[in-house]
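The values are calculated or read from the model by the stated rules, or taken from the named source; none is laboratory data. Predicted model, so just to flag it, every value in this text is computed and none were measured. Every residue, glycine as well, gets a Cβ built from its backbone with ideal geometry; the counts of neighbours run over all protein chains shown.
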Amino acid sequence: MQHADAAPSELLYFKRNSTKWLYTQSSSSKPVPVPLNRLLNTTRTSLNSTRIDGRDFLNTPPTKTVRFGGSVVATLAKYKQGDLQQYELLKHQLSDPDIKDGQIINWLQEFRSCVTLLGKDHEHLIHTILRLPWLGRSPAVIEEYLAFLGNLVSAQTVFLCACLKMVVSHFIPKRVKICEGGVDISDSDDDEDENLARTFGHCHQALQVILRYVPSTSHFLVPILNEKFPFVQKSSRTLECYVHNLLRVTVYIPTIQRDVLEIVIGKMLKIDVSVCSQGSGLTAHPMAEKLDSLMMVTMSYIRDSCLPKGALDVERTKELFRDLLSIFDKLILPTHASCHVQYILFYLCSFRALAEAFLEHLWKVFQNPSFAPVLRQAAAGYIGSLLARASFLPVVTVRACVDLLVQWIHGYIDSLDAGGRQACCDVTLHGPFYTACQAVFYALIFRHRAILEVNMKKGLAYLQGLNLERVVMCQLNPLNVCLPAVINLFAAFTRKYQVAFCYTVIEKNNRQMLPVVRSSNAGGSVATNTNPLDSFFPFDPYLLKRSSSVIQPLYQVWEEAEDSEEGRSMDEEDDFLNKETPHSDPRIMGMTPGSYDRAFPCSPCSVGSPPVVHFWCSPLL
């Protein structure tokens, strides 16, 4: 049975023994029966193995690849001749918000084939391509886009910075446009995006592709990372994501670790100073939560870098410590009255031997007369505060540091006595001396119990051997300059253990109300001030809630009596200075870097500085 309009070969069905058979009939041969189910199975297997561009042809609908105009090569040729119609049409199609994956892949493949033709004249076209919504797309689109980036930067390095800016711009969550009262207050979406980690991963993959083709990428990347840093007014989530991604870049580009940390810490310091200016209302400050998140990210980075597998990576820790120490000298040490950012060094110092290395560095700054007095005073403040507050510091380290400070103080007094001139309480000329005295007083207030607990007899002998009586009775009269809160507590413990008798000097100072002098090139100024050193203790209680969980186990809280309550939270009023620290008299210039530069164009020479004393050598330096 054959149909009149059948082809040379046709399919005939009939039923035999309840089995469907397929006959192939042609003019030159007789029909040969083949079981239909066998043929269908063979055909289905063949079709199932047929895949186009990684897609299942049978189960996947055709992708939208409709396009207008000629090929990219032809369009570029016409553009070179002055015909802009096809060129503008090409940019318009690439800017289509509804562009499909298949269209993106087809365009990118064409651009890759003629990437050498894309020069500086095609800058607008390249920027249109870089704005393609490639993130969050199928793996085929991601792969094709990364390949295009690699081809572009290798063939046309003029577009390297544009590619880097595009990638870095995706280091924050997706932007949500919000307009209130005609004012654009758009910000990144704070909601958790389940694909956010994948998106950030593709961004870092793109940077690594670019780095592979252009090894000098790091030199161009650092300024872009700084330029693209979100404004501090942005949401906490935005800042947290951006800082996280910046620190993640250092994992595969370790040469820019110091630069990246400097960018991050510099931004955090600005927030910190703003937060600290609010005083007791810190926790309610709108910036406190942002700073808290950034501190948590940074300390997590330190932990993961130093303890990658739960064990200390000594070489990696040493490298990170050197970078942070350099940033400390450049940014943190000259910043007056920051409250929290310096705890990055505090946390890092809790790792093996780093506290001693940090103290050694501070000691070198303090005793070096070539440094500005304001920096030397700041270094002494850090030494005293770290000795008092770091619970991880052993007593032997505390004693070694106190010995060095006291030795320097006695040397300073000796140099003045040898001069034969009467000295007065001039904090400009003798600022480092007074700050060193206050550091010793402050450290002993906190740690004298630990010194005495080891061995009471030896501990008392050690304290008496410091000859603190000479310090408090000297003509520079440090008890008239240091903070009253520190002086009163120091006087109490020294009288209890008969180490020094301070109350006679304190009462004399109170009766005479001796003025504190600040001298300058224009002449001396005399005024009474209860905080002439403009003292600040860098490791006063840490008040940020979330990140305090990292600091609290390492922190020594203030206990007024031996039977005081233990285990208090750090956000309680544990600092004995909180209620007694006076504000500086506005008539007297504070010893801050800015105020010092304004008042003293030239740094006064250090008066009677004793010879340089070397600290112990740290194995990590």
*Which residue out of Val168, Val183 is under 27 Å from the mean Cα position of the chain (by Cα), more than 23 Å from Asn106 (Cβ to Cβ) and either at pLDDT below 95 or buried (at least 18 other Cβ atoms within 10 Å of the Cβ) (or both)?*
Val168
*Being of a type in the set (A, V, I, L, M, F, W, C) and closer than 18 Å to Tyr412 by Cβ, is that true of even one residue in region 453-467?*
yes
*Just for region 289-314: of the residues that are assigned to a helix (DSSP H, G or I) and among the charged types (D, E, K, R), which one is modelled with the lowest pLDDT?*
Glu289
*Out of region 94-104, which residues are more than 13 Å from Arg131 (Cβ to Cβ) and not in a loop (DSSP other than H, G, I, E, B)?*
Asp101, Gly102, Gln103
_Quick test for you: out of Lys318, Lys290, pick the one residue that is closer than 21 Å to Leu225 by Cβ, touching a residue at least 24 places away in the same chain (Cβ under 8 Å) and of a type in the set (Lys, Arg)._
Lys290
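In the set Leu416, Leu362, which member is aliphatic (A, V, I, L, M), in a helix (DSSP H, G or I) and closer than 30 Å to Val454 by Cβ?
Leu362
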*Output yes when any residue across region 343-354 is at pLDDT below 95, in a helix (DSSP H, G or I), crowded, with 18+ Cβ neighbours inside 10 Å and in contact with a helix residue (DSSP H, G or I) (Cβ under 8 Å, 6 or more places away or on another chain), and no when none is.*
yes
*So is His202 in the same structural domain as Thr157 (by TED's automatic domain parsing) and without any contact (Cβ under 8 Å) to a residue 12 or more places away in the chain or not?*
no
*When region 270-288 is examined, which residues are found to be assigned to a helix (DSSP H, G or I) and either more than 15 Å from the chain's Cα centre (by Cα) or surrounded by fewer than 19 Cβ atoms within 10 Å (Cβ to Cβ) (or both)?*
Lys270, Val273, Ser274, Val275, Cys276, Gly279, Ser280, Gly281, Leu282, Thr283, Ala284, Ala288
*Residues satisfying the stated conditions in region 476-502, i.e. part of a helix (DSSP H, G or I) and among the hydrophobic types (A, V, I, L, M, F, W, C)*: Leu479, Ala485, Val486, Ile487, Leu489, Phe490, Ala491, Ala492, Phe493
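Condition check ((1) over 35 Å from the mean Cα position of the chain (by Cα); (2) of a type in the set (A, V, I, L, M, F, W, C)) across all residues:
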residue: Val406; (1), (2): yes, yes
residue: Pro432; (1), (2): no, no
residue: Ala439; (1), (2): no, yes
residue: Leu466; (1), (2): yes, yes
residue: Met473; (1), (2): yes, yes
residue: Asn477; (1), (2): yes, no
_Given (1) under 42 Å from the mean Cα position of the chain (by Cα); (2) under 17 Å from Ala500 (Cα atoms), index of the condition Ala461 fails_ = (1)
*Return only the number of the condition from (1) crowded, with 20+ Cβ neighbours inside 10 Å; (2) touching a residue at least 60 places away in the same chain (Cβ under 8 Å); (3) small (Gly, Ala, Ser) that Ala439 does not satisfy.*
(2)
*Out of all the residues in region 376-398, which are touching an Asp or Glu at 6+ places or on another chain (Cβ under 8 Å) and β-branched (Val, Ile, Thr)?*
Thr397
*Considering (1) crowded, with 20+ Cβ neighbours inside 10 Å; (2) within 29 Å of the chain's Cα centre (by Cα), say which one Leu152 fails and leave the rest.*
(2)
*The listed residue being hydroxyl-bearing (Ser, Thr, Tyr) and under 24 Å from Pro223 (Cα atoms), out of Ser113, Ser154*: Ser154
*Can you tell me which residue in region 416-436 is surrounded by the fewest Cβ atoms within 10 Å (Cβ to Cβ), limited to those that are modelled with pLDDT of 90 or more and of a type in the set (Gly, Ala, Ser)?*
Gly431
*asked:* Give me the residue from region 199-241 that is buried (at least 20 other Cβ atoms within 10 Å of the Cβ) and touching a strand residue (DSSP E or B) at 6+ places or on another chain (Cβ under 9 Å) and, out of that set, nearest to Lys174 (Cα to Cα).
replied: Thr238
*Among Leu375, Leu387, which is the only one that is touching a Cys at 6+ places or on another chain (Cβ under 6 Å) and in the same structural domain as Val454 (by TED's automatic domain parsing)?*
Leu387
